[in-house]
Structure formats: C-alpha cells, structure tokens
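Asks: I have a structure I would like to understand better, so I am pasting it below and will then ask my questions one at a time.
The values are calculated or read from the model by the stated rules, or taken from the named source; none is laboratory data. Not measured: the values here are computed from a predicted model. We place every Cβ from the backbone using ideal geometry, glycine too, and count neighbours over all the protein chains shown. The protein model used for the area step is the full one, side chains on, heavy atoms only, and it has no ligands, DNA or RNA in it. Shrake-Rupley method; radii C 1.70, N 1.55, O 1.52, S 1.80 Å.
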Amino acid sequence: MKNLGKIAILLLFAVAGFYSCEERDRFAISSDDSVAPAPPVLDTVWRLPGGGRIFYKIPADRDLLSIEASFTATNGKLTKSAASFVAPYLEVFGLPDSLEHTIQLYAVDVAGNKSASVPVTFSPLEPAYSKVAKVLTVKPAFDALLVNWENELMQDITVYVDFTYSDSDNGTERSLTQVYSSRKPAEQHFIKDLHSQAPVSVKVRVEDLYGNRSETIDKGQMQLLTDVELDKSKFKIFDAGVTIGGAVMGYGSSYGGNIKALCDGYIDYLAAPNGNGRPDNFSFFHTNVKPYINGVETNVNAYPWNIFIDLGDYYELSRIVTNQMWDLDPTTAKPTDLGRFYATDNPNNIGAYNMYYWDGDEDAVNGTGTWVHIDSVKIPMPSSDMGVLDKIRQAVAGDEALMYPNNPTYTPRTRYFRYQVQSNFMNYGNGGIGMSELTLYGKKNQ
C-alpha cells in the first residue's frame with residue numbers, strides 16, 4: 001500500500017510537470033510568430049439584456065491565448081470582450097436595444113495574431129438603461145422632488161433629472177440637472193430645498209457605460225407640496241404608563257435622561273447613559289428600568305416601546321426627523337468613537353420604528369379611538385465609504401422620513417402621534433433605547 005501511495009504521488013508530480021511545461025511552451029512562443037490561429041466555430045447564442053452569451057468550439061492551435069468579440073458602441077468606442085482559451089463561451093454587453101446586431105468573434109494567440117473574424121448576428125434582450133427609463137418616476141414632495149427607479153438587472157446606469165423652476169426666495173429662474181449613478185436593484189432620492197410656489201418642469205433620461213441613452217422623457221410640471229415644522233412649544237409628552245388605544249407610554253428618563261426634553265429643539269450628542277452627559281437634553285428608555293406607576297413596578301419599556309405626543313392642536317403630518325444621541329462619556333471617548341451613531345455595535349441608537357396617528361376622540365386617554373399605522377421606517381446604515389466626519393454630519397442633520405414615502409402626502413387630521421421603537425442598528429434586532437430629538441412637520445388643520 002505504501003508503494004502504491006508513492007507511485008500515485010510520483011504520477012501526480014509528473015502530470016503537473018507535463019502541464020507546467022505545456023504552459024511554459026505556450027507562453028514562450030516567439031514574438032516573431034506571424035501565423036494567425038484558426039477562428040472559433042460559432043455554436044449558439046443566448047440572448048441577454050443588452051448583449052449575449054456566445055458559445056463556440058475552440059480552435060486547436062497550441063499557442064491559443066483567448067477568444068474575443070468586438071463591436072463599436074454608441075459612444076464610438078470599440079468595445080471588446082474576452083475569454084480564456086479554455087472557456088466554452090464569452091459574454092458581450094453594451095448593445096443599445098433589442099434589434100438585430102452583428103459583432104465580430106475571433107481567436108488571438110500568444111504572439112497577438114488574430115484569426116479571421118466570424119460574424120455573429122443576434123437580437124439581445126432589452127438593456128438595463130432602457131428598462132430603468134420605463135419605470136423611473138418623479139413625484140412632487142415637500143419642497144422637493146422624489147425620484148424612484150428599479151434596476152432589476154443591477155447593471156451600471158446613470159440617471160439625469162433636468163428640472164426648471166422659479167425660486168420663490170429671490171424670483172430667480174433656475175435650470176439644474178441632478179445626476180445619480182447606481183447598480184442597486186432599487187433607488188430612492190430626494191431633490192430638496194426647491195422653494196417654488198410655481199410648478200416645476202421635470203425631464204429625465206438614463207444612460208449606461210457604453211453611451212447608450214434613452215430618449216429624454218418629459219415628466220411634465222409638478223406643483224410641490226409645502227409644510228412647516230410643528231411648534232414644539234405646544235407639544236405635550238405623556239407620562240410613563242399612560243394607556244391610549246391599548247398601547248402604553250414608555251419611560252424615557254432612565255440613567256439621567258429626560259423624556260420632556262425630547263422635543264425641546266435642542267440636539268445634544270454628548271449624552272452618556274452613565275449620567276455624565278447633559279440630563280436635560282436627551283431621552284433614554286432603558287429596558288432594565290422598571291418605574292413605579294401608581295405604586296406598582298411596571299416594565300413599560302419592554303419592546304416595542306412607545307412615545308405618545310399631544311401635538312397641542314390638529315395637524316396633517318408630512319415628515320419626521322429623528323436625531324440620535326451619542327451614548328459615550330465625552331470625557332473619555334476617543335475621536336473615532338464619534339462614528340458610533342450608526343455603528344452595529346451600538347445598542348442604544350434607534351435603527352427602526354413605526355409611526356401612528358390617532359383616529360378618535362379629542363380626549364384620547366379617556367375617550368375611544370384607534371392608532372392607525374402610517375409607515376414602518378428603517379433608518380439606513382451609512383455607506384461603507386463614509387468617514388467618521390460624514391457620519392457625524394449625517395447624524396447632525398437627522399434621519400428624515402416621509403409619512404408616506406412612496407406617494408408623498410399628508411396624514412389625515414390628528415392631534416396625537418405615536419412613535420414605536422422596533423430596533424437598534426445591531427442587525428436591526430431588539431434594541432434602540434436612546435434619542436436626542438424628534439421633529440415633526442405638517443400643516444395645521446382646524
């Protein structure tokens with residue numbers, strides 16, 4: 001048995017040495033070689049979006065290096081695709097439509113000699129840029145435009161949004177273009193701070209890497225929606241344990257926090273749960289704290305916990321901004337710790353929440369009614385290429401969400417708002433116990 005094992009090992013080395021020698025011979029061909037390889041033999045073509053997968057029989061030339069295909073793209077550049085000398089197919093992309101196209105297929109040897117070209121004619125499937133252009137939508141939002149699209153093929157595309165409007169702040173006519181590049185399966189973007197009382201004219205187009213571009217699509221004129229920040233001085237935040245519509249108000253003054261400061265207009269990022277922060281400017285809903293309510297120890301912060309806000313008047317709500325807290329002691333934290341606003345190892349800041357409005361009696365505590373779900377919000381993690389300072393800037397601006405993100409509009413008339421925490425950023429699991437500020441927008445409705 002030992003001898004058989006030794007023989008097997010020797011054979012293995014011999015085979016490896018043979019192929020190694022073959023490869024050395026292949027790449028040792030003199031550059032003086034001027035003999036072109038035989039062309040590949042076309043087998044079949046599978047249609048792909050904006051391209052195709054071309055199957056062929058590989059020529060037997062021992063100095064063959066690759067199989068290649070080429071065509072002139074819309075941008076005028078020669079587009080090439082290549083596969084190794086052992087691959088049974090290659091793929092080409094960049095064709096502008098689903099009409100019939102002819103590309104050239106050929107073999108290349110180590111010395112750079114090209115075989116005669118084999119014309120390959122086929123009709124690709126509809127390319128990604130064209131499909132995106134068909135589903136791209138632009139809707140009016142609150143002093144903004146909402147741009148959405150799907151890119152099911154996840155190919156690189158660039159979206160151009162051309163818009164013209166009259167700036168109501170100074171009466172200036174503006175014509176601007178917003179550009180987005182992406183290969184994600186779905187995207188949503190806001191073009192913000194468009195202060196215009198007159199309609200905004202919008203046109204869009206989509207382009208790919210090969211210079212293929214859709215026709216310019218006129219989206220027409222859009223009247224932007226308007227809202228204002230609600231007057232926080234009229235807000236009333238309920239006491240822990242108050243029950244409205246079957247839900248219970250949480251206790252947000254744990255570990256030096258103060259729930260009454262949640263809507264005070266002051267954003268404090270130096271809030272430390274050990275009490276070393278500024279206790280008048282952040283709210284903390286620790287699940288281990290069980291306050292006594294009417295003499296009974298009650299765990300009102302069991303997940304998911306709630307915040308009830310009496311708006312002080314009737315409003316139709318439009319947007320919300322959540323400002324996180326920084327949950328480290330500022331006297332001991334390192335500069336890099338500032339990036340923990342969205343960190344997956346931070347169990348304190350809120351990663352997801354639900355929103356509700358009250359549909360019922362004006363006296364919600366003693367009356368009847370129901371909480372109506374508005375939307376579930378998942379605050380996105382910053383992109384991996386964002387630095388610490390960019391994360392801080394994003395946190396300072398706050399994480400904004402529309403009440404109805406897919407079709408911007410106002411909620412029905414309501415006096416009470418409910419914010420229900422679902423998770424933190426740690427895999428969006430149970431957690432999320434601290435925040436610095438909540439801000440609501442909308443319009444008054446008497």
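Asks: Assuming R0 = 30 Å, can you tell me the calculated FRET efficiency for the pair GLU152 and GLU100, based on Cβ-Cβ distance, to the nearest 0.05? Write out the running numbers ahead of the final one.
Replies: Numbers: r = 24 Å, r/R0 = 0.80.
In this case the efficiency is close to 0.80.
Asks: From largest to smallest, what semi-axes in whole angstrom does segment 331-387 give when each is the square root of 5 times an eigenvalue of its alpha carbon gyration tensor?
Replies: Working: eigenvalues 288, 44, 10 Å².
That gives 38, 15, 7 Å for the three semi-axes.
Asks: Quote the charge dipole size of segment 331-446 about the Cα centre in Debye, to the nearest 20; the model charges only the Cβ of Lys and Arg (+1) and of Asp and Glu (-1). Don't jump to the answer; show the numbers that get you there.
Replies: Values: 10 positive and 12 negative charges, 31 e Å.
In total the dipole reaches around 140 debye.
Asks: Sticking with this one: For the chain, what's the relative contact order in percent, using C-alpha pairs closer than 8 Å and at least 6 residues apart? Write out the running numbers ahead of the final one.
Replies: Values: 1068 pairs, mean separation 54.9, N = 446.
Normalised by residue count, the contact order of the chain is 12 percent.
Asks: Moving to a separate point now. When the helix-only estimate is applied to the chain (DSSP H runs of n ≥ 4, each -39,500 (n - 2.57), divided by the residue count), what is the mean residue ellipticity at 222 nm, nearest 500 deg cm²/dmol?
Replies: Result for the chain: -3000 deg cm²/dmol, rounded to the nearest 500.
Asks: For the chain, give the magnitude of the charge dipole about the Cα centre (Cβ charges: +1 Lys/Arg, -1 Asp/Glu; no others), in debye to the nearest 20. Display every interim value, and only then the final one.
Replies: On the way: 39 positive and 53 negative charges, 144 e Å.
Rounded to the nearest 20 debye, it is 700 debye.
Asks: Also: Projecting each Cα onto the charge dipole of segment 297-446 (Lys/Arg +1, Asp/Glu -1 at the beta carbon, about the Cα centre), which of GLY339, TYR303, TYR314 comes out farthest on the positive side?
Replies: So the residue we want is GLY339.
Asks: Which of VAL35, VAL421, VAL118 ends up with the largest GNM mean-square fluctuation for the chain, with Cα atoms connected below 10 Å?
Replies: So, out of VAL35, VAL421, VAL118, the one fluctuating most is VAL35.
Asks: In addition: Of all the accessible heavy-atom surface of the chain, with the other protein chains kept in place and a 1.4 Å probe, what percent is carbon and sulfur? Intermediate values should be presented prior to the final figure.
Replies: Numbers: 11390 of 22110 Å².
Carbon and sulfur atoms account for 52 percent of the accessible area of the chain.
Asks: Given the convex hull of the Cα atoms of segment 353-446, what is a quarter of its surface area in nm²?
Replies: In nm², the orientation-averaged hull projection of segment 353-446 is 7.9.
Asks: On to the next question. Select from ARG340, ARG183, ARG393 the residue whose mean-square fluctuation is largest in a Gaussian network model of the chain (Cα-Cα springs shorter than 10 Å).
Replies: Evaluated over the chain, the most mobile residue of the options is ARG393.
Asks: Taking a probe of 1.4 angstrom, what is the accessible area of GLU207 in Å², to the nearest 10?
Replies: 40 Å²
Asks: Return the single residue from ASN288, ASN346, ASN258 with maximal mean-square fluctuation; model: Gaussian network over the chain, springs between Cα atoms under 10 Å.
Replies: Its mean-square fluctuation being the largest, the pick is ASN288.
Asks: While we're looking at this one, here's another question. Need the full-extension length gain, ASP359 to HIS373, defined as separation in residues times 0.36 nm minus the C-alpha distance. One decimal, nm.
Replies: Working: separation 14, 0.36 × 14 = 5.04 nm, distance 1.03 nm.
Value of the extension gain: 4.0 nm.
Asks: Continuing with the same structure: Using only Cα atoms, what Kirkwood radius does the chain have, in angstroms? Please list the in-between numbers first.
Replies: Details: mean 1/r = 0.0369 Å⁻¹.
Its Kirkwood hydrodynamic radius stands at 27.1 Å.
Asks: Now a separate question. Against the longest alpha carbon principal axis of the chain, how many degrees, from 0 to 90 and to the nearest 10, is the axis of helix 2-27 turned?
Replies: Orientation of helix 2-27: about 80 degrees from the principal axis.
Asks: How long is segment 148-299 along each principal axis, judged by its Cα atoms, biggest number first, in Å?
Replies: So the extents along the principal axes, rounded to whole Å, are 70, 41, 36.
Asks: Same structure, new question: Find the accessible area per residue for the chain; the probe is 1.4 Å, ligands and nucleic acids are left out, and the unit is Å². Numbers along the way, then the final one.
Replies: On the way: 22110 Å² over 446 residues.
Accessible surface, normalised per residue, equals 50 Å².
Asks: Moving to a separate point now. Please list, short to long, the whole-number percent of alpha-carbon pairs of segment 97-227 in consecutive 10 angstrom bins beginning at zero.
Replies: Cα pair-distance distribution for segment 97-227, in percent: 11, 33, 23, 16, 8, 6, 2.
Asks: What angle do you read, to the nearest 10 degrees and between 0 and 90, between the alpha-carbon axis of helix 388-397 and the longest principal axis of the chain?
Replies: 40 degrees
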